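Reviewing the structure listed below.
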Amino acid sequence: MLDRNWLTNDGPYVREFEKRLAEFVGIRHCVAMCNATISLEIAIRALGFTGEVIVPSFTFVATAHSLQWQEITPVFCDIDPRTHNLDPLQVEKMITPRTSGIIGVHTWGRPCDIGALEEIARRRKLQLMFDAAHAFGCSYKGKLIGGFGRCEVFSFHATKFFNTFEGGAVLTNEDELAEKMRLMRNFGFSGYDNVIYIGTNGKMTEVCAAMGLTSLESVQQFVEVNRRNHSLYLRELEGIPGIRLMVYDERERANYQYVVVEIDELEAGLTRDEFVAVLAAENVLARRYFFPGCHRMEPYRSYFPHSALMLPETEKLCRRVMALPTGTSVDEQAISQIGKAMRTAISNAAAVRARLSGSEPFLSVQSETASRSIIA
């Protein structure tokens, strides 16, 4: 790349990356971008979304922002508590004369009920696209995610198991839509000094594409590590009261990128937030995911102050869900220690809660990693 002196502007690595990704997924077009948020914004504009678009609130805020940034109203729809994805029955209820489309999100890489959403979109004459930020390498009914709806958007941010340092892409089987998005990511240029369409700067750089090509060589290895870790967590967390580990459909391909548990406070004796605090004290970074829901973030909580009334399952999940560490830097010993910490916390739930609240003084104990331990 350095020898070519070609660092950006649709270089050879970007073109190769797009070609290889389209072949991997089995689709006609991959339009690589600088990140997934810009990918969403460009796809939304290229599809001609207007008025209102139905999205889940249980998603990363970029899904909603990509609409609101273009003065399109995100209409937050509730999820199916079994899948954490859009509930098609609730989608139907949210359609109004101003609705122009639906954006489904494949949360955790587990696909939406694509068939049901396609049927609704077809019958109600709505555009349908998918935010597939979590779902690279995952499948729906045996077909890889990337070719459903009119287009799908991937994220290749550094937090993803398959990454390009920073990046994203829109995948589609539609020639005209792909060409429009290629124009839009490069200011609308069609050749030298010839601007024929409105656009912005959404180009992927050569170094990011080179990272993506390198990552693609090891993608199956990454998936196997994630799968191993998920199986280890399944073993370690089995039988712990109030802890339910999310599982993947073994009939489909999955990337196992997320290890997600739901905490039942009544059974566990501790809240999700208390578990996050316990694990943080053990030097374990567990995350409340998509908390508190897009509908409780600005500007949406000011625009739609009563939206929580329409999102009971989203509200419950936002209080219960927690993501645990995984990936190539997490090994069997670490997962065993995390399982032990969670078991110990539940076995001593009342004492842990008292210590967390500060109502019970305790002697600080230094763990092997020199961090204060709540449960030592």
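The values are calculated or read from the model by the stated rules, or taken from the named source; none is laboratory data. Small disclaimer: the values here were computed from a predicted structure and weren't measured. Every residue, glycine as well, gets a Cβ built from its backbone with ideal geometry; the counts of neighbours run over all protein chains shown. Only protein heavy atoms, including side chains, enter the accessible area calculation; ligands, DNA and RNA are left aside. Shrake-Rupley method; radii C 1.70, N 1.55, O 1.52, S 1.80 Å.
Please compute one quarter of the surface area of the Cα convex hull for the range 23-96 and express it in square nanometres. Write down the numbers at each step before the final one.
On the way: hull surface 25.1 nm².
For the range 23-96, the mean projected area of the Cα convex hull comes to 6.3 nm².
Once fully extended, how much extra length lies between Asp331 and Phe24, figured as 0.36 nm per residue of separation less the alpha-carbon to alpha-carbon distance? Intermediate values should be presented prior to the final figure.
Details: separation 307, 0.36 × 307 = 110.52 nm, distance 2.85 nm.
Net length gain for the segment: 107.7 nm.
In Å, what Kirkwood hydrodynamic radius results for the range 238-337 from the alpha-carbon pair distances? The partial results should precede the final answer.
Numbers: mean 1/r = 0.0652 Å⁻¹.
Result for the range 238-337 stands at 15.3 Å.
Keeping to pairs on different chains or 8 or more places apart, tell me how many lysine pairs in the chain have Cα atoms under 22 Å apart.
Taking the Cα cut-off of 22 Å, the pair count is 10.
Over the alpha carbons of the range 1-62, what is the largest minus smallest coordinate on each principal axis, giving the biggest first in Å?
47, 26, 23
Rounded to a whole number, what % of the accessible area of the chain do carbon and sulfur atoms account for, probe 1.4 Å? Intermediate results must be reported in sequence, preceding the final value.
Details: 9150 of 17450 Å².
Solvent-exposed carbon and sulfur of the chain make up 52 percent of the total.
Report the far tail of the P(r) of the chain, meaning the percent of Cα-Cα pairs longer than 31 Å.
Details: 28632 of 70500 pairs.
Cα-Cα pairs of the chain separated by over 31 Å account for 41 percent.
What residues have an amide H closer than 5 Å to that of Gly51, excluding those fewer than 5 places away on the same chain, when H is modeled at 1.01 Å from N in the peptide plane?
Close amide H contacts, sequence-distant or interchain: Thr73.
Using only alpha-carbon positions, what ratio does the radius of gyration of the range 103-205 give when scaled by 2.2 N^0.38 Å?
Values: Rg = 15.2 Å, N = 103, 2.2 N^0.38 = 12.8 Å.
So the Cα radius of gyration is 1.19 times the expected 2.2 N^0.38 Å.
When the helices in the chain are scored as -39500 (n - 2.57) per DSSP H run of 4 or longer and the sum is shared across all residues, what 222 nm value do you end up with, to the nearest 500 deg cm²/dmol? Don't jump to the answer; show the numbers that get you there.
Details: 14 runs with 144 residues, N = 376.
So the helix-based figure for the chain works out to -11500 deg cm²/dmol.
Once you have the Cα-Cα distance between Asn5 and Arg244, take 0.36 nm times their residue separation minus that, and quote the gain in nm to one decimal.
On the way: separation 239, 0.36 × 239 = 86.04 nm, distance 5.20 nm.
Gain on extension, Asn5 to Arg244, equals 80.8 nm.
Where in the chain lies the longest segment free of GluC sites (Glu not before Pro) that are both loop residues by DSSP (not H, G, I, E, B) and have at most 10 other Cβ atoms within 10 Å? It would help to have the intermediate numbers written out before the result.
On the way: sites that count: Glu71, Glu238, Glu250, Glu368.
Counting at most 10 other Cβ atoms within 10 Å as exposed, the longest clean stretch of the chain is 72-237.
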